[in-house]
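Shown next, in structure tokens, is the structure this report addresses.
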Amino acid sequence: MTEKISVIVPVYNSEKTLADTCRAILNSSYENIELILVDDGSSDTSASVMEAVAKADSRVITVSKKNGGPSSARNEGIRKASGKYLAFCDADDIPDRDMYARLYERLLRDGADLALCDIYSERNASPLGFPWQGYRLFSGDEVRELIALMIGNEDDGSTDTPVWGSVCRGLYRTDFVRDNQVLFPEDIDFAEDLVFSVRYLKCAGCVSVIDEALYTYRDRDGSIMNSYFSYKPNMLDERIRLVNHLSSVIIGLENYDDLKARLFVSARCYYHECVGNAVREYDRRGKRECLDELSKILRSPDVRCVFTHLHRPRGRRRIVYFLIRHRLGRILYFYYKRRFAGLKKKKD
């Protein structure tokens, strides 16, 4: 007899996609499923969709809570779960019909603490992929290699995409999560699942990876360009908290020096994004506000620390990193203003 899998879905204003996601999970070839829907303070009709799904299938549990973000919702789901294994799914994505069966089979066959699969991205119209070919088993010290591939690249010039730390691609042991107190950080809404994944992997002894895309990440934005031009407040503070979470996890690991170097490569990417964000919507926010935010970023001790030494940046990144390192905020302002203006012309 198969063991129960608790699939946790954080729900926030997901009325348009939630029914399809629930249908895909409940129609899984792996039938011993407990679907936990956690309404994170939705203001649309998501709660009604949840009620309808629960009424039609006794395997569905609904939970309502005040808005606290996806981490808070997933942590609540973990507390409610009664399954031996945990899986996570976003409220607008689609797991393959055989995803949970395949991961469960691999978990048992390999005696692993975690089983992972690849993800198909509608935005990229392709699987995210892995930096290796075929099925792979990580055990012992090799698990630290997987952590490194998730933390970031080896140098600033690399164009490779780190292994995505999405929790939606995996099957986890519930007792392992609880015994090791592996939870999502509730003070960030960006890459919070990467923090969970690294926390879990730090304790894991064996990880099985299937080189097949069994989960579909749907294009949430509708318009990538509109999202690209939108200013996001408090980005720097959140990115700093993310880096601090990851720093606290990797301390004490045998390959700490390598992990720290990779984390600094990723941190430079995160803070680089913050610099661009500071100039978004420059016409609405005004030059003074943009420059003040750039000054805050460039003077931040966290930013200055990771930009002290650069590791082989190339192309446009090399120029921007030089400007960040030397705190040339006005040049960065005019650089991004001109760049955004040119992209808007192409868009229009």
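The values are calculated or read from the model by the stated rules, or taken from the named source; none is laboratory data. None of the values given here were measured: they were computed from a predicted structure. Cβ atoms come from the backbone with ideal geometry, glycine included; neighbour counts cover every protein chain shown.
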The range 326-348, residues that are in a helix (DSSP H, G or I) and not charged (D, E, K, R): Gly329, Ile331, Leu332, Tyr333, Phe334, Tyr335, Tyr336, Phe340, Ala341, Gly342, Leu343
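Residue-by-condition table, conditions (1) among the basic types (Lys, Arg); (2) in contact with a helix residue (DSSP H, G or I) (Cβ under 7 Å, 6 or more places away or on another chain):
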| site | (1), (2) |
| --- | --- |
| Leu108 | no, no |
| Leu116 | no, yes |
| Phe130 | no, no |
| Arg136 | yes, no |
| Glu142 | no, no |
| Met150 | no, yes |
| Gly157 | no, no |
Inter-residue pairs, beta-carbon under 6 Å, first among the hydroxyl-bearing types (Ser, Thr, Tyr) and in the range 281-310, second surrounded by fewer than 18 Cβ atoms within 10 Å (Cβ to Cβ), 6+ apart: Tyr282/Lys337
Members of the range 286-325 that are assigned to a helix (DSSP H, G or I) and small (Gly, Ala, Ser): Ser295, Gly315
Failed criterion for Glu105 (all others in (1) at pLDDT below 95; (2) surrounded by 14 or more Cβ atoms within 10 Å (Cβ to Cβ); (3) over 30 Å from Ser72 (Cβ atoms) hold): (1)
Boolean, Trp164 is under 30 Å from Leu310 (Cβ atoms) and surrounded by 14 or more Cβ atoms within 10 Å (Cβ to Cβ): yes
Among (1) over 18 Å from the mean Cα position of the chain (by Cα); (2) at pLDDT 95 or above; (3) of a type outside the set (S, T, N, Q); (4) over 30 Å from Arg312 (Cβ atoms) - the single one Leu171 does not satisfy: (1)
For Phe184: the one exception among (1) in the same structural domain as Phe322 (by TED's automatic domain parsing); (2) in contact with a Ser or Thr (Cβ under 7 Å, 6 or more places away or on another chain): (1)
Criterion violated by Val182 - all others in (1) in contact with a helix residue (DSSP H, G or I) (Cβ under 6 Å, 6 or more places away or on another chain); (2) touching a residue at least 40 places away in the same chain (Cβ under 8 Å); (3) in a loop (DSSP other than H, G, I, E, B) satisfied: (2)
Close pairs from the range 130-152: first on the phi < 0 side of the Ramachandran plot, partner among the small types (Gly, Ala, Ser) and not in a loop (DSSP other than H, G, I, E, B), Cβ under 7 Å, at least 6 apart: Leu137/Ser208; Met150/Ser197; Ile151/Ser266
Given (1) touching a helix residue (DSSP H, G or I) at 6+ places or on another chain (Cβ under 9 Å); (2) outside the structural domain of Ile119 (by TED's automatic domain parsing), index of the condition Asp237 fails: (1)
